[in-house]
1. Would you pick out the residues in segment 134-173 that are in a helix (DSSP H, G or I) and crowded, with 19+ Cβ neighbours inside 10 Å?
2. Based on what the data block shows, is S123 at pLDDT 95 or above, surrounded by fewer than 17 Cβ atoms within 10 Å (Cβ to Cβ) and either farther than 27 Å from L212 by Cβ or of a type in the set (K, R) (or both)?
3. I'd like to check something: does segment 175-183 contain any residue that is modelled with pLDDT of 95 or more, open to solvent by 30 Å² or more (accessible area, probe 1.4 Å) and farther than 19 Å from H69 by Cβ?
4. If I filter segment 134-171 down to residues being of a type in the set (A, V, I, L, M, F, W, C) and closer than 12 Å to V32 by Cα, which single residue comes out as nearest to the chain's Cα centre (by Cα)?
5. How many residues, within segment 186-225, are loosely packed, with under 14 Cβ neighbours inside 10 Å and without any contact (Cβ under 8 Å) to a residue 60 or more places away in the chain?
6. How many of the residues making up segment 155-185 are charged (D, E, K, R), over 19 Å from L219 (Cα atoms) and in contact (Cβ under 8 Å) with a residue 60 or more places away in the chain?
7. What tally of residues in segment 89-99 results from selecting those that are free of Cβ contacts under 8 Å to residues at least 40 places away in the same chain and over 17 Å from the mean Cα position of the chain (by Cα)?
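The values are calculated or read from the model by the stated rules, or taken from the named source; none is laboratory data. Because the structure is predicted, anything quoted here is derived from the model rather than measured. Because the Cβ atoms are built from the backbone with ideal geometry, glycine has one as well, and the counts that use them run over all protein chains shown. Accessible surface is based on the protein model in full, side chains and every heavy atom, while ligands, DNA and RNA are left aside. Shrake-Rupley method; radii C 1.70, N 1.55, O 1.52, S 1.80 Å.
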Amino acid sequence: MTERLKIQQLADLSDDDLRDAYAPMGDPWLRVNFVSTVDGAATGSDGLSKSINDDADARVFDALRARAHCLVVGAGTLRDEEYDVPRVPVVVVSRSADVPPNLREAPSGRVLMATVETSDGLSEARSALGEENVLVLGREEIDFVELKQQLAARGWTEQLCEGGPSLFADLLAAGVVDELCWTVVPRLIGGDGPRIATGAEVDVALRPALLLEQDGTLLGRWLVG
């Protein structure tokens, strides 16, 4: 009989405890991190996830970033959320090989591009980032199994995807996601905002491995399979 999962208080965990609570269970390990409202909205009314996150979500977000060897993020999310150059390398996923303007001045090797052979922006991406930092992973569609393997070959075995929803669905469809880290904030937004996974049709079973709570916000680890 499986032991019943107990809710732990986030405030009771030290920073070291929190880091240990999110230790990967395999190598390489690709986790995806999302926040949503209780009614499933992945963004606020402004179309941004930052408008619905809170202090509890920010603490776990920072802990996951501190663990990660690299970030994997869709180009649209990087532009919309106005990412700064992160501490760890960020892999931009874009079939058009579009390097977001806010990352064009990053130090060499801090920004990689995952794209395809038929991309119109391939030459420009190579010029901006360096050929060794542009990963061509298929002719017309990105091979996400190969992406995960190539990142691991660079020593980046703890991989963190921060969205967006269509990239998450594509990763699930490719069978490369090991874990979903999902924060549910105690709010209702309504409207037609995106869910955390949109686009590719998937049906993936999850197993809860950790559940934390702070001021009504629930933060969980859900293992794939």
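1. Pass one, segment 134-173, residues in a helix (DSSP H, G or I): 144-153, 165-173.
F144, L147, K148, L151, P165, L167, F168, A169, D170, L171, L172 - these are the residues of segment 134-173 that are in a helix (DSSP H, G or I) and crowded, with 19+ Cβ neighbours inside 10 Å.
2. Details: at pLDDT 95 or above: yes; surrounded by fewer than 17 Cβ atoms within 10 Å (Cβ to Cβ): yes; either farther than 27 Å from L212 by Cβ or of a type in the set (K, R) (or both): yes.
Taking the combined requirement at face value, the residue satisfies it.
3. Within segment 175-183, the first condition is being modelled with pLDDT of 95 or more, and the residues that meet it are 175-183.
Still in the running and open to solvent by 30 Å² or more (accessible area, probe 1.4 Å): 175, 178, 182.
If we keep only those that are farther than 19 Å from H69 by Cβ as well, we get 175, 182.
So far as segment 175-183 goes, yes, one or more of its residues are modelled with pLDDT of 95 or more, open to solvent by 30 Å² or more (accessible area, probe 1.4 Å) and farther than 19 Å from H69 by Cβ.
4. Taking segment 134-171 first, the residues of a type in the set (A, V, I, L, M, F, W, C) are 134-137, 142, 144-145, 147, 151-153, 156, 160-161, 167-169, 171.
From what is left, the residues that are closer than 12 Å to V32 by Cα are 160-161, 167-169, 171.
Numbers: L160: 5, C161: 2, L167: 9, F168: 8, A169: 11, L171: 10 Å.
Looking at the filtered set, the residue picked out is C161.
5. Selection size over segment 186-225: 8.
6. Restricting attention to segment 155-185, the residues satisfying the condition of being charged (D, E, K, R) are 158, 162, 170, 178-179.
Imposing the further condition that a residue be over 19 Å from L219 (Cα atoms) reduces the set to 158, 170.
Pick out the ones that are also in contact (Cβ under 8 Å) with a residue 60 or more places away in the chain and you get 158.
Result for segment 155-185: 1.
7. At the first step, the residues of segment 89-99 found to be free of Cβ contacts under 8 Å to residues at least 40 places away in the same chain are 90, 92, 94, 96-99.
Remaining after also requiring over 17 Å from the mean Cα position of the chain (by Cα): 96-99.
Summing the residues that are free of Cβ contacts under 8 Å to residues at least 40 places away in the same chain and over 17 Å from the mean Cα position of the chain (by Cα) in segment 89-99 gives 4.
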